[in-house]
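The values are calculated or read from the model by the stated rules, or taken from the named source; none is laboratory data. No experiment lies behind these values; they were computed from the predicted model shown. Because the Cβ atoms are built from the backbone with ideal geometry, glycine has one as well, and the counts that use them run over all protein chains shown.
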Ligand SMILES: Nc1ncnc2c1ncn2[C@@H]1O[C@H](COP(=O)(O)OP(=O)(O)OP(=O)(O)O)[C@@H](O)[C@H]1O
Ligand code: SF4
Ligand SMILES: [Mg+2]
């Protein structure tokens, strides 16, 4: 195996709908090293789950189709495998945790049976061996009285405990990669922290690589080595987690970071929001998809920027024409933000409901 465990290259996943093609994932590339923890962040609808489902070959087909690219896992293109070969990989070498455990757990089977099934299929364990390992796994994920709870059904567990069971199933066969898609969104805050800590700890102990999908940059800060930022089906920035926080270079990432409550800031500091809405992926705008919402935008942004290294750092990539650290660009963006704010204020004051989006940046203001 090369340097990477997983290499996603130029992945394109579309959905055919009556009105045309939804470009849910549009040329996405990233890689994960063995044991590495990668965060994938972005707003709702930017293609995070569709990327994960494409890797796992779990897309609903139709309407979904993988229109291009490759998914190399241990140097083998998963997109070329038969369904039978793929079943061996799923739950074997790649484990997956979904947002809602109830959609994945079988309500009619005890959790012991569900964990045992994975162990018998993938590791060819006997019934007794599978039972022993299932108990030990439940203990590892913090289920009290595991030897008894193994005979319980999913509905007899709380939300947090069900998510622990999902983690036990996902890790049962010692996968080399765990894909966790918003694993804690459905849980309350204290349980969220416990579950993230659990995933982090268990994967560190087992040397399991993690692809952690979340819309919450605060979550990736604590537990990932690198971060991929997605917007409108594309990767717009990628860097080590420390570098991304210290030196964000894409206006969208700047916006996301502005939306994250920072512990090192004053208690009453105001959170910024990203004005406007993501583009319709049925008809994405030509050029940079962030342009309608971007205060830094200028005429060149009507051409799609390449995902290029930030000067002096080949591990930090951004898809943006502008240097957001340039004071002149910052002053220009500030003027445009101010103009947008004044338009919004004027629209509110006159209570004119003429349908114009006050959040969008007017093209006439571009340089
Ligand atoms: N079955 C489908 N048919 C048509 N479009 C779909 C289908 N599934 C997903 N999409 C579209 O694909 C795009 C990407 O969706 P995806 O679920 O990957 O977003 P996401 O980043 O995971 O968002 P969230 O944070 O809300 O989970 C969205 O625009 C969505 O509407
Ligand atoms: S390319 Fe232009 S529109 Fe896109 S993020 Fe950069 S400055 Fe904004
Ligand atoms: Mg999702």
### Message
Whether any residue in the range 277-289 is under 27 Å from residue 19 (Cβ atoms), within 16 Å of ligand 1 (Cβ to nearest atom) and at pLDDT 95 or above is what I want to check.
### Response
yes
### Message
Just to verify a result, which residue in the range 23-48, among those that are part of a loop (DSSP other than H, G, I, E, B) and within 16 Å of ligand 2 (Cβ to nearest atom), is farthest from residue 7 (Cα to Cα)?
### Response
43
### Summary
Of those in the range 1-22 that are closer than 12 Å to residue 69 by Cα and surrounded by fewer than 21 Cβ atoms within 10 Å (Cβ to Cβ), the residue farthest from ligand 2 (Cβ to nearest atom) is 7
### Query
With (1) closer than 26 Å to residue 221 by Cα; (2) assigned to a loop (DSSP other than H, G, I, E, B); (3) near ligand 1 (Cβ under 7 Å from one of its atoms) as the list, and residue 51 as the residue in question, which single condition is left unmet?
(2)
### Query
Scanning for something part of a helix (DSSP H, G or I), within 26 Å of residue 52 (Cβ to Cβ) and within 16 Å of ligand 3 (Cβ to nearest atom), does the range 206-219 turn up at least one residue?
yes
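Yes/no per residue for (1) surrounded by fewer than 24 Cβ atoms within 10 Å (Cβ to Cβ); (2) more than 15 Å from ligand 1 (Cβ to nearest atom):
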{"site": "209", "(1), (2)": "yes, yes"}
{"site": "216", "(1), (2)": "yes, no"}
{"site": "251", "(1), (2)": "no, yes"}
{"site": "254", "(1), (2)": "yes, yes"}
### Message
Regarding the range 56-76, can at least one residue be identified that is surrounded by fewer than 21 Cβ atoms within 10 Å (Cβ to Cβ), at pLDDT 90 or above, part of a helix (DSSP H, G or I) and within 14 Å of ligand 1 (Cβ to nearest atom)?
### Response
yes
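Anything in the range 48-72 that is within 16 Å of ligand 3 (Cβ to nearest atom), over 12 Å from residue 179 (Cβ atoms) and touching a helix residue (DSSP H, G or I) at 6+ places or on another chain (Cβ under 9 Å)? List them, or say none. Talk me through it step by step, then tell me what you get.
Looking only at the range 48-72, we keep the residues that are within 16 Å of ligand 3 (Cβ to nearest atom), and these are 48-56, 58-60, 64.
This time we only want the ones that are over 12 Å from residue 179 (Cβ atoms), so: 50, 59-60, 64.
Those that are within 16 Å of ligand 3 (Cβ to nearest atom), over 12 Å from residue 179 (Cβ atoms) and touching a helix residue (DSSP H, G or I) at 6+ places or on another chain (Cβ under 9 Å): 59, 60, 64.
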